[in-house]
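Each remark here refers to the structure printed beneath this line.
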Amino acid sequence: MKPILEIARALGIAEKHLTLYGRDKAKVALAALKDAGTGSVAGGAKSGAGTGKKSRLILVSALTPTPAGEGKTVTSIGLAQGLARLGKRAVLALRQPSMGPVFGRKGGAAGGGKSTVQPAREINLHFTGDFHAITAAHNLLAAAIDNQLHFKLTALAPDGVLWKRVLDANDRALRRIRLSVGAAEERAGGFDITAASEIMAVLCLAEDYDDLRARLNRLVVGFERDGTPVTAAEFRVTGAMLALLRDALLPNLVQSAEGVPAFVHGGPFANIAHGCNSVLATRMALAHGDYTVTEAGFAFDLGGEKFIDIKCRQSGLAPDAVVLVATIRALKMHGGVPLENLAAPDAGAVERGLANLARHVAAAQSFGRPVTVALNSFPTDSDAERDAVRAFCAAAGAGYARSDVFANGGEGGVELAQTVLDTLPAVTPPLEFTYPDDAPALEKIEAVATRFYGADGVVLQPEAGRKLALFENAGFGDLPVCIAKTQNSLSDDPKLLGAPRNFRITVRDFELAAGAGFLVALTGQMVRMPALPKIPSAEEIDLSADGEITGIKGA
């Protein structure tokens with residue numbers, strides 16, 4: 001691996017803007033954006049304004065994931081390496097992994113094979129401490145709230161508190177807890193995973209320290225009995241929270257296995273949060289490269305939609321092209337083949353499973369962007385199965401490329417890179433969002449559910465209706481919606497694979513993220529604190545006698 005100073009110099013980032021974390025990772029000061037000619041850090045510039053160049057933003061998403069695995073991050077990294085092999089100045093902007101899934105079911109999230117970001121083990125664990133800072137800031141506010149409840153210094157009633165605590169772990173036992181308010185008084189509480197913290201969302205959407213302060217101040221932590229919202233500003237600890245988050249706001253610079261610069265920063269999940277890396281990391285990548293490859297969590301119905309309707313709406317960013325990752329194995333699962341039989345060739349099952357991919361292709365194309373399907377290749381794939389995907393793409397008006405980036409790194413991504421380059425328009429049309437800002441919240445959810453999921457409509461359970469009315473009466477009805485939904489199905493039932501029909505999305509509750517700037521609609525059985533599986537990945541992780549970490553999937 002190259003020293004990170006060398007990677008920064010190649011990008012044109014001065015050493016004075018770097019805070020080094022060893023020789024292989026660094027924090028980049030926000031002043032590096034101004035030095036790159038973007039003007040104001042919060043200027044809303046799409047890319048490289050004032051530099052005389054037009055940077056292109058490529059969004060990577062996927063079909064509905066399955067336990068077979070799709071390889072979205074490995075494809076993103078391999079695509080950037082493929083662009084570099086073609087002589088392009090490519091930069092990555094990716095999310096940070098959460099330790100919950102690293103020790104749980106999913107494992108690491110730094111790519112795999114010959115398409116990884118490095119140092120992968122450190123990135124998958126503590127990295128530069130951003131998750132810890134977010135956890136500390138979130139829980140500091142929680143402690144301040146309960147402290148004022150104890151001393152009766154706030155008009156907020158104990159049963160009106162909405163602000164939970166967070167931890168970067170999968171721990172079902174913490175979902176519901178009892179908290180002591182006074183000598184003989186308790187209130188209900190609970191934990192979310194740090195990736196679902198509103199402070200994670202705030203950090204990923206903030207443009208600078210002033211914007212971060214404003215967002216922290218307007219966090220709504222609960223409601224008085226008359227429906228008046230109570231904000232974090234009233235507890236007078238947002239200055240201390242800012243101090244904890246000072247370094248965490250700065251994007252992290254690392255590199256891919258082939259030396260492609262990578263800004264890895266922020267890690268909200270797309271099934272329970274908005275699923276995108278930070279706005280600042282994306283701006284930093286755009287300002288210092290000609291092609292930025294970024295990804296949004298899970299499939300296009302979750303990460304892709306939120307990237308556009310939340311991140312792009314707030315920031316002014318806009319993708320120039322979309323890549324959807326698919327695998328033969330996942331298509332066969334969506335076509336009805338059990339997990340244990342995926343190695344057997346079955347072109348018929350692939351063709352049935354293409355109905356799921358078709359939903360995502362159509363949704364991505366509806367934004368007026370060219371779409372390329374990246375078929376992440378496995379040794380068990382047959383020519384007939386690949387031909388079925390290629391024929392589908394031709395009929396759907398989408399690009400097609402076989403991706404071998406896991407086995408072959410950038411060389412295996414050249415075909416995909418060239419296909420994406422060939423689809424890029426000379427002028428990208430303006431981005432039209434799924435719904436207008438002033439539409440009622442229920443209409444926004446219905447617009448997403450019908451357009452992206454294929455649902456017939458939306459059902460509000462009584463608690464969801466009560467919560468939504470509370471938020472709307474307090475003036476938050478115009479916020480965009482962030483739908484918490486299972487990643488395993490286009491519906492809210494994880495068992496419905498393929499392209500389900502004749503279903504409605506059931507919203508059972510709402511949460512308010514006023515600082516981040518959206519309403520969270522909880523659907524189905526989604527919870528914001530995941531659990532460990534029967535046999536967690538943590539059982540495979542170890543440390544050797546010479547201090548080498550082993551057993552992290554993909555690292």
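Tabulated values for the structure
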{"item": "Debye equation applied to the C-alpha atoms of the chain, log10 I(q)/I(0) at 0.10 Å⁻¹", "result": "-0.79"}
{"item": "Per-residue HN-Hα couplings for the range 303-311 [Karplus 6.51, -1.76, 1.60; θ = phi - 60°; Hz; x = Gly/Pro]", "result": "x, x, 4, 6, 4, 7, 7, 10, 5"}
{"item": "For the range 74-224: relative contact order, % (alpha-carbon pairs under 8 angstrom, 6 or more apart)", "result": "20"}
{"item": "Amide H within-cut-off set for Val221, under 5 Å, with H built and near neighbours excluded", "result": "Val230, Thr231, Ala232"}
{"item": "Over the chain, relative contact order from alpha-carbon pairs under 8 Å, at least 6 apart, %", "result": "21"}
{"item": "Mean shadow area of the range 77-162 over all directions, Cα convex hull, nm²", "result": "8.8"}
{"item": "Percent of Cα-Cα distances greater than 17 Å, calculated over the range 130-245", "result": "54"}
{"item": "Neighbour-count order for Asp192, Asp226, fewest beta carbons within 10 angstrom listed first", "result": "Asp226, Asp192"}
{"item": "Ranking of Ser256, Ser115, Ser544, Ser377 by count of other Cβ atoms within 10 Å, fewest first", "result": "Ser544, Ser377, Ser256, Ser115"}
{"item": "Asp146, Asp309 arranged by Cβ crowding within 10 Å, fewest neighbours leading", "result": "Asp146, Asp309"}
{"item": "When each of Lys25/Lys311; Lys34/Lys444; Lys34/Lys485; Lys2/Lys311 is checked by Cα-Cα distance, pairs over 30 Å", "result": "Lys34/Lys444; Lys34/Lys485; Lys2/Lys311"}
{"item": "The chain, dipole about Cα centre (Lys/Arg Cβ +1, Asp/Glu Cβ -1), debye to the nearest 20", "result": "340"}
{"item": "Translational diffusion of the range 441-523, µm² s⁻¹ [Kirkwood Rh, Cα pairs; Stokes-Einstein; 25 °C; 0.890 mPa s]", "result": "190"}
{"item": "Sum of -39500 (n - 2.57) over DSSP H runs of 4+, divided by residues of the chain (222 nm, nearest 500)", "result": "-9000 deg cm²/dmol"}
{"item": "Loop sites in the range 222-317: GluC sites (Glu not before Pro), DSSP, at most 14 other Cβ within 10 Å", "result": "Glu224"}
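Values in this text are rule-based calculations from the coordinates and carry no lab data. If you're wondering where the values come from, they're calculated on a predicted model, not measured in any experiment. Here the Cβ is made from the backbone with ideal geometry for all residues, glycine too, and neighbour counts use every protein chain on show.
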